[in-house]
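What follows is one structure encoded as structure tokens, with my remarks underneath.
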Amino acid sequence: MPSVNPSSSAPSAPAPVATAVPADAFAPGRLWRHALLTAISAAAGLALYAAGLRGDALAVAVIVLFCLSYWATGWLPDFLVSLALMFLLATCTSLGANVVFSGFMSSAFWLVFSGAVIGMSLGVTGLGERVASRLADHCAHAYGIALTGFVAIAFLLGIVMPSTLGRIAILTPIVLSFCERVGLTQGRPGRTGLLLATALASCELSTAILPANLPNLVMAGTAETVLGLRLGYGEYAIALVPVLAVVRGVVLVVVAMRLFPDRLTPLATTAVDGTRTTMRPDEWRLLAALALMLGLWLTEPWHHIAAGWIGLGVALLCLGPLRLVNPDAFLKQVKLAPLWFVAAIIGLTAAVDHAELANALRPALSRLDLAQMSTPSAYLVLVALSVTLTFLVTSNAAPALYTPLVPALAVGAPLGVKAVLLTQTVGISTIALPYQAPPLVLAMALAGIGIRDATRYCFATALLALVTVVPLTPLWWQLIGLLRLSGTP
């Protein structure tokens, strides 16, 4: 195998998803933090018990709240919280190892691994630098232009690639190479802003494209089964793209510029760049491997092989027959912390589902009466409901709970059935905390983004979306005839 230089300018393996925490998180002066979070979780557990929650549903709710509070505050290293979550679920519930540790069997877990291999391949072959240099020609004039360009690319890629995980696995190494190209080195705020804007755009803006992500497919499939309502690609895009994609995309760019201000300093073109007008054999081999991976991802509906297994196969090609990555160098650079984090988040989602925590909420939700409300009030209540469900069961599971309730919610409501159904997209696309969007967790793992930075960005974009996207959506729907803000449809 040829010698491979592991010290490429483009990061080749994911850095640990970790926030800066004190060296001794259990020092005497910091024990109050753990006592506070334990007390809050215990109080929430008592309140849920009084409300009638029992068994695994109660245990899962308390454990999830306890661990999410640590992820949000950064008072413990993320990988330690991840392991604690799996330990508590395994010992305090009857869900079983197949649920608690389901993250290790998920294709998303192996997408992190394969993403690390692909990222290293893009770095050591120089293909990532080549793509980044082309993008730099168009997007390196200003930080705002770069943000806008990558947010737009993330949205447009959703039109041709229906997997959010796949889009993130492809885009993240390219963004990292671009950052190196324009001087956004490790630790620069602009690097974090660019990576987060691209990742969150991949998750949120794709909600406006019907087959582009899992929540949309769950919503459409459930609507057809339960309501007999088939959503058309065109009418869905007309209803959602102008506000849910365009306005929300502007929000992502504005918040990134505000929270992570920076300036681009493009690297001067070197003589080496001038001599590399043609691609080397290793670049062609990597390009062929990426084309194969992309082709298999796009044809998943026919062969039914999950994106993670396809990524793992391509990673094995890069580590083996294609001779693109030195296995020894890769093992020295790979970090395990992102893998624990992804596995824990997937296990959390599976635990919420198997404990039927969502079903425990169904009786209360079915009693929600919109008939006595005005159209704006009913719309806001439905948005609040979808936002709450996304908090409780993540964006992937929220449509499975909300959509079957649509017939009951629409009885006597001043909104039509289709408006009641589509209102959930506003809440599903409002990600206030990273755990709500599992693909975002994958991006954090691949890019080495800290949970604190991701939480700040998600929370700020969610707040701004509440005062822009939420009120503008019904105005647009009124314009196209989907909703009437006065009277009954």
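The values are calculated or read from the model by the stated rules, or taken from the named source; none is laboratory data. Please read all numbers here as calculations on a predicted model, not as lab measurements. Here Cβ is always computed from backbone atoms with ideal geometry, including for glycine, and neighbour counts include all displayed protein chains. Surface areas here come from the heavy atoms of the whole protein model, side chains and all, with no ligands, DNA or RNA. Shrake-Rupley method; radii C 1.70, N 1.55, O 1.52, S 1.80 Å.
Taking the conditions exactly as written (modelled with pLDDT of 90 or more, open to solvent by 10 Å² or more (accessible area, probe 1.4 Å) and out of contact with any Gly (no Cβ under 8 Å at 6 or more places or on another chain)), does PRO189 satisfy them or not? So PRO189 passes the test. When each of LEU122, LEU184 is tested for being assigned by the TED database to the domain that holds VAL254, more than 22 Å from the chain's Cα centre (by Cα), in a loop (DSSP other than H, G, I, E, B) and crowded, with 24+ Cβ neighbours inside 10 Å, the lone residue that passes is LEU184. Among the criteria (1) modelled with pLDDT of 85 or more; (2) surrounded by fewer than 17 Cβ atoms within 10 Å (Cβ to Cβ), the one THR488 does not fulfil is (1).
Of all residues in region 214-257, those satisfying the criterion of being at pLDDT below 80 and of a type in the set (S, T, N, Q) are THR222, THR225.
Just one of the listed residues (ALA454, ALA400) is surrounded by fewer than 24 Cβ atoms within 10 Å (Cβ to Cβ) and more than 20 Å from SER374 (Cα to Cα), and it is ALA400. Taking first residues from region 426-448 that are more than 21 Å from ALA116 (Cα to Cα) and partners that are assigned to a helix (DSSP H, G or I) and of a type in the set (Lys, Arg), the Cβ contacts under 7 Å between residues at least 6 apart in sequence or on separate chains come to SER429/ARG248. The condition of being open to solvent by 30 Å² or more (accessible area, probe 1.4 Å), in contact (Cβ under 8 Å) with a residue 12 or more places away in the chain, in a helix (DSSP H, G or I) and not aliphatic (A, V, I, L, M) holds for only one of THR207, THR148, that being THR148.
Here is a check on your reading of the model: is THR222 open to solvent by 10 Å² or more (accessible area, probe 1.4 Å), within 21 Å of THR394 (Cα to Cα) and among the hydroxyl-bearing types (Ser, Thr, Tyr)? Considered against the rule, which asks whether it is open to solvent by 10 Å² or more (accessible area, probe 1.4 Å), within 21 Å of THR394 (Cα to Cα) and among the hydroxyl-bearing types (Ser, Thr, Tyr), THR222 comes out as yes. Does ALA59 satisfy the condition of being of a type outside the set (Asp, Glu) and at pLDDT below 90? So ALA59 does not fit the description; no.
Only one of the numbered conditions (1) within 24 Å of THR394 (Cα to Cα); (2) at pLDDT below 85; (3) assigned to a helix (DSSP H, G or I); (4) not acidic (Asp, Glu) is not met by GLY29, and that is (1). Of the residues making up region 89-116, those that are among the small types (Gly, Ala, Ser) and part of a helix (DSSP H, G or I) are ALA90, ALA97, SER102, GLY103, SER107, ALA108, SER114, GLY115, ALA116. Of all residues in region 432-448, which are surrounded by fewer than 24 Cβ atoms within 10 Å (Cβ to Cβ) and of a type in the set (A, V, I, L, M)? Of everything in region 432-448, those that are surrounded by fewer than 24 Cβ atoms within 10 Å (Cβ to Cβ) and of a type in the set (A, V, I, L, M) turn out to be ALA432, LEU433.
Kindly establish whether PHE87 is assigned by the TED database to the domain that holds VAL250 and under 24 Å from VAL60 (Cβ atoms). Considered against the rule, which asks whether it is assigned by the TED database to the domain that holds VAL250 and under 24 Å from VAL60 (Cβ atoms), PHE87 comes out as no.
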